[in-house]
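The values are calculated or read from the model by the stated rules, or taken from the named source; none is laboratory data. Just so you know, these numbers come straight off a predicted model, no measurement behind them. Cβ placement follows ideal geometry from the backbone for every residue including glycine, while neighbour counts extend to all protein chains displayed.
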Amino acid sequence: MTLERLSHIAGALLVAAFTCASAYAQTAPAPVRVRIQTAVPSASIYFELLKKMGERVDRMSAGRVKMEMLPDGAVVPAFEILDAVDKGIVEGGYAWTHYWSGKHPAAGLFSNPMAGAGVGLDQLSHVAWIFEGGGYDLYRRFYSDILKVNVEPLFVQPMGPDPLGWFKTPIKSTADFKKMKYRSPPGITGEIFKEMA
């Protein structure tokens, strides 16, 4: 094959490649944009991790999916995220399931294990139950059948147990605990603390 013939073929390929690229650019769909309202402030390590996840999704989808992480309160307060997703105000939300325990106390079963208070599982056992023990099916039914919201729940990350707290003075008995003003996690743990008071 002569050099002149090779140059004609290369030129034809270049024109064909340019034509294909131009046609693709004209017909490529616009990226899917997903605004995710989080329950964490922008200074939180969780917010940084979520932003990195969004960047990875952007790269893995070749720019077809763009995720915008919104800090706590950007569109709605943390405890209104589920309703905002259900109503289409935002496309996604990030919060712990026990945030919805005001709607139904079973929400605590699908959130971080509460130092054995209620679920009796450590972090790894909790994840094993979710993914291998039938927990995920119950998790989805909790949202669709109990809370009756039009969302697809995704279990994003395991969380460690909630600690009892950090106190200036030692707690030696439940009597000491009853004298304190204490902000407890919502859900089953909060209900246990109420019963202790």
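Just one of the listed residues (G187, G116) is modelled with pLDDT under 90, farther than 27 Å from D72 by Cβ and among the small types (G, A, S), and it is G116.
To keep it simple, each residue is scored yes or no on (1) acidic (D, E); (2) assigned to a helix (DSSP H, G or I).
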| position | (1), (2) |
| --- | --- |
| L49 | no, yes |
| D58 | yes, yes |
| M67 | no, no |
| D72 | yes, no |
| L82 | no, yes |
| I89 | no, no |
| H98 | no, yes |
| L109 | no, yes |
